[in-house]
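Derivation of every value follows stated rules applied to the coordinates shown; laboratory data play no part. Please read these numbers as outputs of a predicted model, since none were measured by experiment. Every residue, glycine among them, receives a Cβ derived from its backbone with ideal geometry; neighbour counts consider all protein chains shown.
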Amino acid sequence: MSDPYAGGLYHWWHLSRVSPELLAAEADDWLGKPGHVLDIGCGLGVELAHLAQHGWRSCGIDMSAVALRRARADHAEVAFIQADALRLPFTTRAFDLVLDRGCFQYLDPRQRRAYSAEAERVLRPDGRMLLRACLNCAGIRNDITEAVIASAFAGWTIDFLKPVQVPSDTREMPALEVRLRRKM
C-alpha cells in the first residue's frame, strides 16, 4: 500500500485546525491537567501542536514517513515516531492521555482488543483516551458501532459516547466520539 501522504489521499480525512471534539473535551476539563499525551495515527500533528502550546508533553506516532517528516518540520515542539499502534514503543504507564482520530476503524476486527490493551498499557491509572472512530472506510460503511466500542474497550470506563460528524478539510464524516478512561 502506498503512503497516503505521498499522494493526496490524506485530504479526505485531514483537518488543518484543532478538531471540535478535542476543543470540547478541553473546555469540559475532561482531558485533565497537562501531562504526557500520545496521538495514535497523528498524521501532520495538528492536535499535538495545540496541546503542546497548552503545556502537554506531546508525542505522535504514525506509519507514514511522509506525514511524520512534514509534522516534524511544522511542529518542532512535538516528538514524532514512526510506529505501529499494536506495538507501541513506550514504557508502561508513560501517558496521561491518548488520542485517536482515525486509526481504530482501519483495524481488523481481530486486532481491536490488542489495540485497546496496548493503549491501556501505556496509559497511567485513570488515564484518558479520546477516540473518534469513523463509521466509513474509503466511503464504505464499516462495522463500527457502540457495541463494537464497548467490546473492544471492555474493562474501560466509557465516560461519553455519541454519534458525531467529524470534520476534515474537505467534508464531514459520520463517527462515534468516545471518551474512555483506564480503570485505576
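Whole Å is fine, so just give me how far the alpha carbon centre of the range 129-184 lies from that of the range 12-33. Rounded to whole Å, the Cα centres lie 14 Å apart. Peptide packing: for 149-160, 118-129, the average count of neighbouring Cβ atoms within 10 Å per residue gives the ranking 118-129, 149-160, highest mean first. Taking Lys and Arg as +1 and Asp and Glu as -1, the other residues whose beta-carbon sits under 10 Å from that of LEU135 total 0. Packing order of peptides 58-65, 26-33, highest average first: 58-65, 26-33 (average count of other Cβ atoms within 10 Å over each peptide's residues).
Let me know the charge dipole size of the chain about its Cα centre in debye, to the nearest 20, where only the beta-carbon of Lys, Arg (+1) and Asp, Glu (-1) is charged. Can you show the working numbers first?
Values: 23 positive and 23 negative charges, 83 e Å.
Roughly 400 debye for the chain.
Using the Cβ of ALA119 as centre and a radius below 10 Å, the other residues enclosed give a net charge of -1, where K and R count +1 and D and E count -1.
P(r) tail for the chain, what percent of Cα pairs lie past 26 Å? Walk me through the numbers on the way to the answer.
Numbers: 3795 of 16836 pairs.
Of the Cα pairs, 23 percent sit more than 26 Å apart.
Contact order normalised by length for the range 51-165, with contacts defined as Cα pairs under 8 Å and 6 or more residues apart; what percent is it? Walk me through the numbers before you get to the answer.
Details: 126 pairs, mean separation 24.1, N = 115.
Answer for the range 51-165 is 21 percent.
All Cα-Cα distances of the range 70-126, cut into 5 Å bins from zero to the largest, leave 4, 16, 23, 25, 18, 10, 3, 0 percent in each bin in turn.
A dipole drawn for the chain from +1 and -1 charges on Cβ atoms has a positive end, and of ALA27, TYR115, CYS137 the residue lying farthest that way is TYR115.
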